[in-house]
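Have a look at the structure below before the remarks.
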Amino acid sequence: MTAADGMRHTLEDLLARTADRDRRAFAELYRRTCARLFGVCLRMLREREESEEVLQEVFTTVWQRAASFEPARAGALTWLIALTRNKAIDRLRQRRERVLDDPIDLERLPDERLEPATEVESSQDYARLANCLEQLEARQRRSVREAFFSGATYKQLAERCQVPLPTMKSWIRRGLMQLRSCLES
Amino acid sequence: MNTPLRDDDPELRYAEYVLGVLDADARAAVEREMQESDAAAATVAAWHRRLLPLAAEIADREPPMRLWQRIRTELRFDPRDRQPPGFWENVRVWHWLSLGAGAIAVACILALVLIVRQPSAPSVTYMASTLAQQNGNVGWTATMDISNARIIVVPAAPQGLATGRAPELWLIPKGEKPIAVGMIAADAPITLPLGPALLARVGPTAVLAVSVEPPGGSPTGQPTGAVIATGTIASAGSLATSIS
């Protein structure tokens, strides 16, 4: 944390003050996190208008439910990103008829460059996760990553990757369990 | 890394929930468990801590400026708190404009012209609408600034909004279904963007209408509540040019 950061309120403070109906704190929280969260919406929904609607929903929920933030369980940014992903995933599930995404060949899908594009809550957490992802078998790693960034269901992922549903489930489940043991070792 | 890999690990569903691969029903089931069991909520939180750092790979993207205003409107924040106040957000401008309720539309157009006009400005087109309520009173006035693809909606003294309900503005082109323009307010002027579909249909044959909806807007994309105000659209021509 730089000296300038030290002068600022932490996101945790801002969330706590938002819970106390402090509109200035809420405005500051929006200013500090809206681009981060809008990036998450756009990545998952890939439609600007829907992303704007979801971000609006996120921040009205933050205003109404900031008191449910428990700092002991997760940092403020993690809480906000979790809320944003949940709303974006709910929105994805509401889409009934969807043109199928282009098929993906997991064997050929290049691993994206594993590096943070932005300020992270803890670069240490990111580095550990990236390191554990690296240790997964390639198809497991790619399906976990694809699932995380797309918010797609098992069924959609299996269709897009053109593999049987049980295969996709097995890749992702094994990937998740290995990630857990790697992160806890 | 030698932990046995069990597909029936009870934690899996929580991990799958956080990763985002569950369908809507399975997600709802996990969310119920989280509300009923502290252990379930704690397990989900642990998976958030494990997986969410990956979001750091997603690049920041700035949302449009109007989004903050939409959030404030939905939360019914006092418009006087706005920061930083731009011209259209300046409440005094609107108070002044609202003095003569009958002449609001004209006043809006004149204000727009005076502000927007530049010596070499090409023709700037405006349209205006007075949205009347069933009792004949003016509910809102709307000015469509075609060149800048936006509509400014100013409340006069709208009636008929129940607590917890919000007014939504619609454009109804002749012979077509209503198209949502956006959420407006009963107590503050709102500027909304006009997308290409709306811009193409704004004109003397179309009508503006306000319906009563849940605070986030109609869930169906079509008006679901009572229509409490309507108004025809009059072309105001290219005033900037004609006045300058």
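The values are calculated or read from the model by the stated rules, or taken from the named source; none is laboratory data. None of these values were measured; they are calculated from a predicted model. When we count neighbours, we look across all protein chains shown, and the Cβ atoms used for this are built from the backbone with ideal geometry, even at glycine.
Overview of values
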read-out	value
Close pairs from segment B:62-77: first assigned by TED's automatic domain parsing to the domain that holds B:ILE190, partner surrounded by 17 or more Cβ atoms within 10 Å (Cβ to Cβ) and of a type outside the set (Gly, Ala, Ser), Cβ under 9 Å, at least 6 apart	none
Residues that are among the acidic types (Asp, Glu), facing chain A (nearest Cβ under 7 Å), assigned to a helix (DSSP H, G or I) and under 30 Å from B:PRO215 (Cβ atoms), drawn from segment B:34-75	B:GLU74
The listed residue being under 16 Å from B:LEU22 (Cα atoms) and modelled with pLDDT under 95, out of A:ASP105, A:ASP125, A:ASP101, A:ASP90	A:ASP90
Residue in segment B:233-243 that is in a strand (DSSP E or B) and either basic (Lys, Arg) or crowded, with 18+ Cβ neighbours inside 10 Å (or both) present	no
Residue that is at pLDDT 95 or above, over 16 Å from the mean Cα position of the chain (by Cα) and of a type in the set (Val, Ile, Thr), where the choices are A:VAL40, A:VAL62	A:VAL62
Selection status of A:LEU55, in a helix (DSSP H, G or I), in contact (Cβ under 8 Å) with a residue 12 or more places away in the chain and more than 8 Å from chain B (Cβ to nearest Cβ)	no
Qualifying residues in segment B:178-216 (those that are small (Gly, Ala, Ser) and touching a helix residue (DSSP H, G or I) at 6+ places or on another chain (Cβ under 8 Å)) - the one surrounded by the fewest Cβ atoms within 10 Å (Cβ to Cβ)	B:GLY216
Residues satisfying the stated conditions in segment A:139-185, i.e. assigned to a loop (DSSP other than H, G, I, E, B), within 9 Å of chain B (Cβ to nearest Cβ) and among the aliphatic types (A, V, I, L, M)	A:ALA152
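Residue-wise test of (1) surrounded by fewer than 20 Cβ atoms within 10 Å (Cβ to Cβ); (2) within 35 Å of the chain's Cα centre (by Cα); (3) modelled with pLDDT under 95.
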position	(1), (2), (3)
B:LEU5	yes, no, yes
B:TYR14	no, yes, no
B:VAL21	no, yes, no
B:ALA26	yes, yes, yes
B:ALA29	yes, yes, yes
B:GLU33	yes, yes, yes
B:ASP38	yes, no, yes
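For every residue, the table says whether it meets (1) at pLDDT below 90; (2) over 21 Å from the mean Cα position of the chain (by Cα).
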{"site": "A:ASP5", "(1), (2)": "yes, yes"}
{"site": "A:ALA16", "(1), (2)": "no, yes"}
{"site": "A:LEU29", "(1), (2)": "no, no"}
{"site": "A:ARG46", "(1), (2)": "no, no"}
{"site": "A:GLU57", "(1), (2)": "no, no"}
{"site": "A:ALA74", "(1), (2)": "yes, no"}
{"site": "A:ILE81", "(1), (2)": "no, no"}
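Residue-by-condition table, conditions (1) more than 8 Å from chain B (Cβ to nearest Cβ); (2) touching a residue at least 24 places away in the same chain (Cβ under 8 Å):
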residue	(1), (2)
A:THR18	yes, yes
A:ALA35	no, no
A:CYS41	yes, yes
A:PHE59	no, yes
A:SER68	yes, no
A:PRO71	yes, yes
